[in-house]
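Visitor: Structure incoming, see below.
Nothing in this text is a laboratory measurement; each read-out follows from the coordinates by a stated rule. Quantities reported herein were computed from a predicted structural model and do not represent experimental measurements. Note that each Cβ is placed from the backbone with ideal geometry, even for glycine, and that neighbours are counted across all protein chains shown.
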């Protein structure tokens, strides 16, 4: 199953062990994210590290593992369709995620209005 992951899900999996990380490591799922996710991580890395129970080495190891299982989609791939995302989401910070969601639902044979 193809799923789009947003920054909050990634951050939650880095902060603590639990269902979120279990799902992310489940090979049944294929995860996709816009490259914006990596920018968000860079922006909040210190805050996430402060909140986690992991030491920095373990934290970076988990992040590296997650980056290997999440397919990052370059903005060039979907930037011409941002206007569709603007109609679906009123929050400009979600446009990249909504566009990625629309692409993956179309890939799975589902239609997004």
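Visitor: Along the Cα-to-C-beta direction of residue 16, a point sits 7 Å from the Cα; which residues of region 38-61 have their amide N less than 16 Å from that point?
Guide: Those under the cut-off are 48-55.
Visitor: Ranking request for peptides 12-19, 31-38: highest mean number of other beta-carbon atoms within 10 Å first, then the rest in descending order.
Guide: 31-38, 12-19
Visitor: For region 1-30, list residues with backbone N below 14 Å from a point placed 7 Å from the Cα of residue 71 toward its Cβ?
Guide: Label zone hits: 1-5, 28-30.
Visitor: If you take the beta carbon distance between residue 8 and residue 57 as r and set R0 to 22 Å, what does 1/(1 + (r/R0)^6) give as a FRET efficiency, to the nearest 0.05?
Guide: It comes out at approximately 0.40.
Visitor: Something else: Compactness ratio of region 2-76: Cα Rg over 2.2 N^0.38 Å, N = residue count?
Guide: Relative to the rule-of-thumb radius for its length, region 2-76 sits at 1.04.
Visitor: Same structure again: Separation of region 54-77 and region 30-52 by C-alpha centroid, Å?
Guide: First find each Cα centre; the distance between them is then 8 Å.
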